[in-house]
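Below is one structure, written out as structure tokens, with a few remarks after it.
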Amino acid sequence: MFTAQAATTWLTKFGDAIATNKAYLSDLDTPIGDGDHGNNMARGMTAVQAALATQTDADLTTVFKTVAMALISKVGGASGPLYGTAFLEMAKASKAGTTDLPTLLAAALAGIEKRGGAQAGDKTMLDVWVPVVAAVQADKLDATVIATAVDSTKPMIAKKGRASYLGERAIGHLDPGAVSSGYLFTALLETEA
Ligand code: ADP
Ligand code: MG
Ligand code: MG
């Protein structure tokens with residue numbers, strides 16, 4: 001059972017990782033994007049942490065919904081609606097009665113796929129979400145799964161997002177949204193431990 005308290009811990013840790021790596025994420029977005037991913041995510045996660053800090057007795061649905069709303073309203077860019085959708089779908093799934101983490105994450109992944117129209121191999125955050133959610137479902141998520149998924153974006157040509165305008169010039173660069181999603185799931189591993 002994934003509790004509201006676990007979700008709050010998870011997302012607070014994620015916010016800390018984003019704050020620590022804000023400049024790095026924007027640097028990754030510079031050669032293959034517009035150099036704002038770290039700033040976008042930091043703006044959103046600062047708002048998430050502020051909102052969560054005021055909600056001491058929230059249930060799981062409320063926690064996810066609060067996160068979704070803060071991300072959608074503050075992040076902007078391509079990543080804001082995508083991360084926002086992920087948390088909105090987890091809010092919906094939890095409201096429908098599930099507290100099972102693999103089921104919640106599968107709903108989030110389906111939301112990102114539907115909203116962004118990308119698939120694994122397109123050099124986006126989905127290159128982390130797809131293998132990580134599969135690993136969670138198999139109860140096999142560890143730091144290696146996450147690192148391998150993040151690194152897999154380096155040799156890829158992008159088919160979605162700003163990096164897709166670059167063709168082969170995107171080769172050799174990590175996808176910034178894949179890296180931030182790596183932080184999301186590293187924070188989850190630290191929460192479950
Ligand atoms: P923007 O590109 O609008 O400046 P960000 O820099 O915040 O937005 O986010 C860029 C990240 O968003 C990319 O690195 C990629 O992981 C992700 N992304 C972009 N388009 C899509 C999509 N269609 N599906 C999934 N992820 C996407
Ligand atoms: Mg950008
Ligand atoms: Mg931008």
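The values are calculated or read from the model by the stated rules, or taken from the named source; none is laboratory data. These numbers were taken from a predicted model, which means no experiment stands behind them. So basically every Cβ, Gly included, is an ideal-geometry build from the backbone, and we count neighbours across all protein chains shown. Only protein heavy atoms, including side chains, enter the accessible area calculation; ligands, DNA and RNA are left aside. Shrake-Rupley method; radii C 1.70, N 1.55, O 1.52, S 1.80 Å.
So the values come out like this:
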item	result
Peptides ranked, highest mean first, by Cβ atoms within 10 Å: ranges 81-94, 50-63, 127-140	81-94, 127-140, 50-63
Pairs of Cα atoms farther than 21 Å apart, segment 90-193, %	34
Residue list for segment 122-165, given a label point 7 angstrom along the Cα-to-Cβ vector of E190 and an amide N cut-off under 20 Å	128-129, 132-133, 136, 141-151
Contour excess over end-to-end distance, with Cα ends at R169 and T56 and 0.36 nm allotted per residue	36.0 nm
Accessible surface of segment 1-105 [probe 1.4 Å, protein heavy atoms]: carbon and sulfur percent	54
Angle in degrees between helix 37-53 and the longest Cα principal axis of the chain, rounded to the nearest 10	0
Over segment 1-57: Rg over Rh, Cα atoms, Kirkwood Rh	1.10
Percentage relative contact order, segment 69-166, counting C-alpha pairs under 8 Å, at least six apart	21
Dipole magnitude (debye, nearest 20) for segment 9-54, charges at Cβ of Lys, Arg, Asp, Glu	220
Cα lying deepest toward the dipole's positive end in the chain, options G77, F2, G44, charges on Cβ	G77
Stokes-Einstein diffusion coefficient of the chain, Kirkwood radius over Cα pairs, 20 °C, 1.002 mPa s, in µm²/s	131
Å² of accessible area per residue within the chain, as computed with a 1.4 Å probe and no ligands counted	45
Pairwise FRET efficiency - Q137 versus R162, Cβ, R0 = 35 Å, nearest 0.05	0.70
